[in-house]
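The values are calculated or read from the model by the stated rules, or taken from the named source; none is laboratory data. Every value quoted in this text rests on a predicted model; they were computed, and no experiment measured them. Positions of Cβ are backbone-derived with ideal geometry, glycine not excepted, and every protein chain shown enters the neighbour counts.
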Amino acid sequence: MKLGTRKKLSEQLEDLKSKTMEMGALASTAVEKAVESLVKRNVRLAKKVIKEDDKIDDLEFEIENNCMHVIALQQPVAKDLRTIGTCLKIITDLERVGDRAVDIANITIEMAGRAPVKPLVDIPRMAELAVGMLRDSMRAFKEGNSSLAFELGKRDDEVDRLAHQVTRELFSYLVEDPKKISDAVRLMLVASFLERIADHATNIGERVIYMEKGERVRIN
């Protein structure tokens, strides 16, 4: 490969990574705002989360097209090709994270005007953990940090534990007041969505390890 072509490929890969990082930041913020809308029962904020999901979808489309363009014109190999493949996998996970944020925002709207079934303590904690995992998975991607990616598995276990705890507590509330079943189920769904977001973060971590080492591993 000629030096000029190699330089161009390097620049294109950096652009792909930069756009993917931008998408990761949007997805992380969407989850934070969606959970904030739920805790504060802020319908306006929930609607904003739903509207701004278009930005995440648009970036996914743009990055995917750019990846195909680089593959077609540059014919990358080895780690360069793994980097492009990792971008394609990551944007799929990030798009789904955005969708889960929209799901949480929709639940905020559905529950508007009603008192919460239970104090929302564990759900914000789950969100904090899941968003932290997501941001660290993207930092691992940016830095090529396999060690940071490996650490995500332990934190995923804590998110799973909290999700099960939320579900158990909500079932106990249902026994006391069956009238609240619909909102209790909605909060169970929120816990499930946050659990999935943490799973997407671990998926990204696994892709980072593959990008850096060429090894496929399971970290959760």
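Using beta carbons and a limit of 6 Å, which pairs, at least six apart or on different chains, have the first residue in the range 122-150 and aromatic (Phe, Trp, Tyr) and the second one assigned to a helix (DSSP H, G or I)?
The qualifying pairs are 141/208.
Give the number of residues within the range 40-56 that are touching a residue at least 24 places away in the same chain (Cβ under 8 Å) and acidic (Asp, Glu).
Total meeting the criteria: 2.
What number of residues in the range 172-198 are without any contact (Cβ under 8 Å) to a residue 60 or more places away in the chain and either of a type in the set (S, T, N, Q) or surrounded by 19 or more Cβ atoms within 10 Å (Cβ to Cβ) (or both)?
Within the range 172-198, residues that are without any contact (Cβ under 8 Å) to a residue 60 or more places away in the chain and either of a type in the set (S, T, N, Q) or surrounded by 19 or more Cβ atoms within 10 Å (Cβ to Cβ) (or both) number 3.
Can we say residue 10 is under 22 Å from residue 210 (Cβ atoms) and at pLDDT below 95?
It is true that residue 10 is under 22 Å from residue 210 (Cβ atoms) and at pLDDT below 95.
Let me confirm something: among 202, 167, which residue is part of a helix (DSSP H, G or I), over 17 Å from residue 98 (Cβ atoms) and at pLDDT 95 or above?
Selected residue: 202, the only one of 202, 167 that is part of a helix (DSSP H, G or I), over 17 Å from residue 98 (Cβ atoms) and at pLDDT 95 or above.
Looking only at residues in the range 67-81 that are part of a helix (DSSP H, G or I) and buried (at least 17 other Cβ atoms within 10 Å of the Cβ), which one is modelled with the lowest pLDDT?
74
Is there a residue being within 18 Å of residue 88 (Cα to Cα), over 20 Å from the mean Cα position of the chain (by Cα) and not in a helix (DSSP H, G or I) anywhere in the range 207-215?
Yes: the range 207-215 contains one or more residues that are within 18 Å of residue 88 (Cα to Cα), over 20 Å from the mean Cα position of the chain (by Cα) and not in a helix (DSSP H, G or I).
Out of all the residues in the range 19-39, is one or more closer than 22 Å to residue 143 by Cβ, without any contact (Cβ under 8 Å) to a residue 60 or more places away in the chain, hydrophobic (A, V, I, L, M, F, W, C) and assigned to a helix (DSSP H, G or I)?
Among the residues of the range 19-39, not one is closer than 22 Å to residue 143 by Cβ, without any contact (Cβ under 8 Å) to a residue 60 or more places away in the chain, hydrophobic (A, V, I, L, M, F, W, C) and assigned to a helix (DSSP H, G or I), which makes the answer no.
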